[in-house]
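So the structure is just underneath, and the comments pick up after that.
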């Protein structure tokens, strides 16, 4: 390796360490948030290596409170932090969707879906105003469906997320006892609603809403590429909202 290449690698490593220090300082005091019934969720971090590449790591603990989450965030200083949109019987042992892979060490118990709220991802690359318009339209659509326990979240990058916490008791029927049928039942329960949202011209990522195994960025954490804070937004102040950047 040439001297110039070694110098570039050392400089890149120092930059990664500086970014981690910024994140640790933020997470030590940040106002963190947890989704409903967090002990049945998997929390997953994307960690930036010395070469700048990302690798995923799950939180081994069952996260029962924000201080447990904070310890992990300060310790690992992840570039990105996510939570599973569904609740699982054994979230830390969650295995592949294909149950035939149980031979690899994933028993059916690891794949028992317990329930799921409704989550939406709205992206409009390079056009935050368009993302705001879609978010506003989606909130109005969901209110017309008599969903009231809604939250709007800035994603930290290109758009917004919408959480609908009261979807489950109104739209999601009792899940089948057979674990192999639960994910399909959860998808079927939201298919009509999602279809009508798309037909209304509201720009959502359908896969995020339909797939029970999706992950979503955790409000209160930092987007490791933009260093903007993923945070809740008051819908009444959406027009004036501007992303908050993590201070140097």
Part-to-part distance (alpha-carbon centres) for the stretch 201-240 and the stretch 132-161, which is given in Å: 9
Estimated 222 nm signal from helices in the chain, with DSSP H stretches of n ≥ 4 weighted -39500 (n - 2.57), rounded to 500: -11000 deg cm²/dmol
Three-way shape label, the stretch 41-98, alpha-carbon gyration tensor, a/c 1.5: oblate
Protection proxy ranking, peptides 148-161, 13-26, average beta carbon neighbours within 10 Å, highest first: 148-161, 13-26
Protection proxy ranking, peptides 214-225, 179-190, average beta carbon neighbours within 10 Å, highest first: 214-225, 179-190
Interatomic Cα distance distribution for the stretch 129-248, bins of 5 angstrom, percent: 2, 10, 19, 21, 20, 13, 9, 4, 2, 0, 0
Peptides ranked, highest mean first, by Cβ atoms within 10 Å: ranges 80-86, 59-65: 80-86, 59-65
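Just so you know, all these numbers are worked out from the coordinates, no wet-lab data involved. These numbers were taken from a predicted model, which means no experiment stands behind them. All Cβ positions, even for glycine, are placed from backbone atoms using ideal geometry, and neighbour counts span all protein chains on display.
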